[in-house]
């Protein structure tokens with residue numbers, strides 16, 4: 001039996017009224033049901049990123065440990081002003097060495113019809129610079145206020161579609177994680 005693939009699911013914002021946290025938790029729960037996968041849920045509210053960039057004072061030791069041990073990442077980002085949140089950029093900038101040659105999947109979230117597509121479009125170049133390997137497609141949660149109820153439970157009419165799409169993206173992410181993990185250890 002192979003070692004489980006460790007995937008860090010990153011919630012992309014610290015905003016108090018964030019609805020994207022529902023999608024992030026949902027994606028983490030789906031991942032927890034997959035065989036030979038270990039999910040680590042990362043909520044940036046629980047971490048402190050002082051300073052800026054990849055400098056030593058800009059790191060949170062707990063996050064450094066998570067990114068060092070992770071084989072892959074699943075980033076859930078809301079769209080704010082046609083881009084991704086500064087808190088996500090700050091988190092990603094802190095650990096450049098730990099991202100190199102590891103795969104990343106994206107889920108975009110918005111209150112409107114776009115589903116976070118513009119956030120992901122602006123995130124891809126920044127993430128590629130970290131050395132992360134970007135998957136070729138994403139999952140989008142447009143009109144997030146309609147997809148989850150006020151307690152964060154997915155509404156029945158959306159459940160099957162999102163479960164199918166998220167699981168399919170996890171399948172690709174895990175395939176790349178195994179491939180790249182093997183190559184990193186050679």
Worksheet, complete the sentence: Cα-based Rg then Dmax for segment 5-185, in Å, read 15.2, 46
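Diagonalise the Cα gyration tensor of segment 44-87 and give the resulting equivalent ellipsoid semi-axes, square root of 5 times each eigenvalue, largest first, whole Å. Numbers along the way, then the final one.
On the way: eigenvalues 83, 49, 16 Å².
Three semi-axes, in Å: 20, 16, 9.
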Worksheet item: Out of 30, 120, 144, any idea which swings most in a Gaussian network model of the chain, alpha carbons joined below 10 Å?
Response: 30
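Counting helices only, and only those DSSP H runs with n ≥ 4, report the 222 nm mean residue ellipticity of the chain as the sum of -39,500 (n - 2.57) divided by its residues, in deg cm²/dmol to the nearest 500. It would help to have the intermediate numbers written out before the result.
Numbers: 7 runs with 82 residues, N = 186.
Result for the chain: -13500 deg cm²/dmol, rounded to the nearest 500.
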Fill in: Cα centroid separation - segment 18-34 against segment 79-139, whole Å
16
Worksheet item: FRET efficiency for residue 164 and residue 16, Cβ-Cβ distance as r, R0 = 30 Å, nearest 0.05?
Response: 0.45
Fill in: Over the chain, relative contact order from alpha-carbon pairs under 8 Å, at least 6 apart, %
22
Worksheet item: In nanometres, what is the gap between the two model label sites at residue 38 and residue 61, each 7 Å from Cα along Cα-to-Cβ?
Response: 2.0
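Each reported figure results from applying straightforward, stated rules to the coordinates on display, with no laboratory input. Computed from a prediction, not measured in an experiment: that's the story for all the values here. Cβ: placed from backbone, ideal geometry, glycine included. Neighbour counts: every protein chain shown.
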